[in-house]
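For reference, the structure discussed in these notes is given below.
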Amino acid sequence: MSIPTEPIGSVPRSAELLQEMNDAAAQDRAVADTIRRFEQAGSPVVTDGEQTKPSFATYPLTGLDTLAPDGAVIPFADGHHRQLPRLTAGPFRYQVHADHYLRAAQRHATVPVKQAVIAPSALSLLYPADGLDDYPRDKFLQDLVAESEADIRRCLEAGAHVVQLDFTEGRLALKLDPSGGVLADFLALITRVLERFTEDERARIGVHTCPGGDQDSTHSLDIDYAGLLPGLLGLPVGNFYVQLASEPDPERVLRLAAEHLRPDARIFVGVIDPIDPRVETPEEVRDRTLAAARHLPAERLGTCDDCGFSPFADDTSTSRETAFAKVAARVQGTALAAETLGI
């Protein structure tokens, strides 16, 4: 396909899997079925659908015993919230690395597999505001950068098509701190990690941004993209995945993206809204893609979903059938756009 198209990550878990999340056989069946459905939908790149992750954010913490439950709270527009754990002691070490999920997916896939990893900025929120005795914040951040690097590098070495950093906290940072200080700290932390990779390696790394998506709600859709995109698109990676289908003024966002996108990077624009229960038609996807092509060179354009369909394992607000129908529409609509553009 001359315009690449990729999923972002998660798809809803089956009822069987939710009942048997710790059963290895059930996990393997869920991953195999997810990849089969992606491939049946024509997806040229697949993921494991994050079937066996507890959430997109906390998978590295599984089994870590230096945590308390009362960490940072992430409020959503509909009134519900998610809460991160709080680190109680150092040193900080990932207990699970994402290549574990990648290798399980590769056993079933016949097309390239991408792997989503959590951005270090999200995990920086684990550190308590009042600090920790014998484990200063600077040392925690050093450890976090090393662990994040290892998470990405292990996936690259395992043959990931691309490694995608999930950075949903980008716009949220501006909600927490409108001055931009928190966002600047987040971007600086991600940059510290990316600087450890070569230019060729960074070409296979991407960053995903969206206003959060959980139980058909978001945490920061009301925050202006203008405060995020200039800094975000300056990150030294080869790919950016930008929520757009659910954006109230996509043309404005496209103008911003065209102004700030580096000449050596590709931007995958969201053409599917996972929160909308209605399945988009291929023609709608085509038109959204063509709108992006009016602002961005076709050779630097791709399409994606706005965000994962079920970033937290217990989110059943969207069915698997709806999710894969939307995937098929994205694939078909992107092909129609490429045909229209003659590329």
Task: Residues (closer than 30 Å to SER43 by Cα, more than 21 Å from the chain's Cα centre (by Cα) and either surrounded by 14 or more Cβ atoms within 10 Å (Cβ to Cβ) or of a type in the set (Ser, Thr, Tyr) (or both)) located in region 86-112 - done: HIS108, THR110
TODO: Take the residues in region 24-51 that are touching a Leu at 6+ places or on another chain (Cβ under 8 Å) and in a loop (DSSP other than H, G, I, E, B), then tell me which one is farthest from ALA335 (Cα to Cα).
DONE: GLN51
Open item on the list: Just the residues that are surrounded by 21 or more Cβ atoms within 10 Å (Cβ to Cβ), of a type in the set (Ser, Thr, Tyr) and out of contact with any Pro (no Cβ under 8 Å at 6 or more places or on another chain), please, taken from region 211-233.
Closed with: TYR225
Task: Residue tally, condition assigned to a loop (DSSP other than H, G, I, E, B), of a type in the set (Lys, Arg) and either crowded, with 18+ Cβ neighbours inside 10 Å or at pLDDT 95 or above (or both), over region 256-289 - done: 1
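Mind checking which residues of region 217-230 are of a type outside the set (A, V, I, L, M) and in a loop (DSSP other than H, G, I, E, B)?
THR218, HIS219, SER220, ASP222, ASP224, listed by residue number.
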Open item on the list: Six or more apart or on different chains, Cβ atoms under 6 Å: show the pairs whose first residue is in region 314-341 and under 20 Å from GLU299 (Cβ atoms) and whose second is among the polar types (S, T, N, Q) and at pLDDT below 95.
Closed with: ALA338/SER2
Open item on the list: Take ALA26 and tell me if it is without any contact (Cβ under 8 Å) to a residue 24 or more places away in the chain and buried (at least 17 other Cβ atoms within 10 Å of the Cβ).
Closed with: yes
Task: Hits in region 294-310 (condition: out of contact with any strand residue (DSSP E or B) (no Cβ under 6 Å at 6 or more places or on another chain), surrounded by 20 or more Cβ atoms within 10 Å (Cβ to Cβ) and farther than 17 Å from LEU229 by Cα) - done: GLY308, PHE309, SER310
TODO: Starting from region 49-73, take each residue that is touching a residue at least 40 places away in the same chain (Cβ under 8 Å) and list its partners that are surrounded by fewer than 22 Cβ atoms within 10 Å (Cβ to Cβ) and β-branched (Val, Ile, Thr), counting only C-beta distances under 7 angstrom and pairs at least six apart or across chains.
DONE: PRO54/THR62; TYR59/VAL96; PRO60/VAL96; LEU67/THR88
- [ ] Filter region 166-216 down to residues that are farther than 28 Å from ARG154 by Cβ, free of Cβ contacts under 8 Å to residues at least 12 places away in the same chain and part of a helix (DSSP H, G or I), then give me how many there are.
- [x] 3
Task: Qualifying residues in region 241-293 (those that are among the polar types (S, T, N, Q) and in contact with a strand residue (DSSP E or B) (Cβ under 6 Å, 6 or more places away or on another chain)) - the one farthest from PRO311 (Cα to Cα) - done: THR289
Task: Selected residue [hydroxyl-bearing (Ser, Thr, Tyr), over 16 Å from PRO7 (Cβ atoms) and out of contact with any Phe, Trp or Tyr (no Cβ under 7 Å at 6 or more places or on another chain)] from THR334, THR289, THR340, THR322 - done: THR340
TODO: Please state which of the following conditions ALA160 fails to meet, knowing it meets all the rest: (1) modelled with pLDDT of 95 or more; (2) surrounded by fewer than 24 Cβ atoms within 10 Å (Cβ to Cβ); (3) in a loop (DSSP other than H, G, I, E, B).
DONE: (2)
Task: Test: residue in region 231-239 that is over 17 Å from the mean Cα position of the chain (by Cα), in a helix (DSSP H, G or I) and without any contact (Cβ under 8 Å) to a residue 24 or more places away in the chain - done: no
TODO: Would you check if VAL253 is among the aliphatic types (A, V, I, L, M), closer than 19 Å to LYS114 by Cα and either outside any loop (DSSP other than H, G, I, E, B) or at pLDDT 95 or above (or both)?
DONE: no
- [ ] Looking at (1) over 21 Å from GLY170 (Cβ atoms); (2) surrounded by 17 or more Cβ atoms within 10 Å (Cβ to Cβ); (3) over 18 Å from the mean Cα position of the chain (by Cα); (4) β-branched (Val, Ile, Thr), find the lone condition where VAL253 falls short.
- [x] (1)
Open item on the list: Step by step: first the residues of region 186-238, then only those that are among the β-branched types (Val, Ile, Thr) and at pLDDT 95 or above, then the one that is nearest to PRO277 (Cα to Cα). Which residue is that?
Closed with: THR209
Task: Lone qualifier among ALA72, ALA41 - being small (Gly, Ala, Ser) and either modelled with pLDDT of 95 or more or closer than 18 Å to VAL162 by Cβ (or both) - done: ALA41
TODO: Note down all Cβ pairs under 6 Å where the first residue falls in region 290-310 and is within 21 Å of ARG278 (Cβ to Cβ) and outside any helix (DSSP H, G or I), the second is acidic (Asp, Glu) and at pLDDT 95 or above, and they're at least six residues apart or on different chains.
DONE: CYS304/GLU6; ASP306/ASP273
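The values are calculated or read from the model by the stated rules, or taken from the named source; none is laboratory data. Because the structure is predicted, anything quoted here is derived from the model rather than measured. Every residue, glycine as well, gets a Cβ built from its backbone with ideal geometry; the counts of neighbours run over all protein chains shown.
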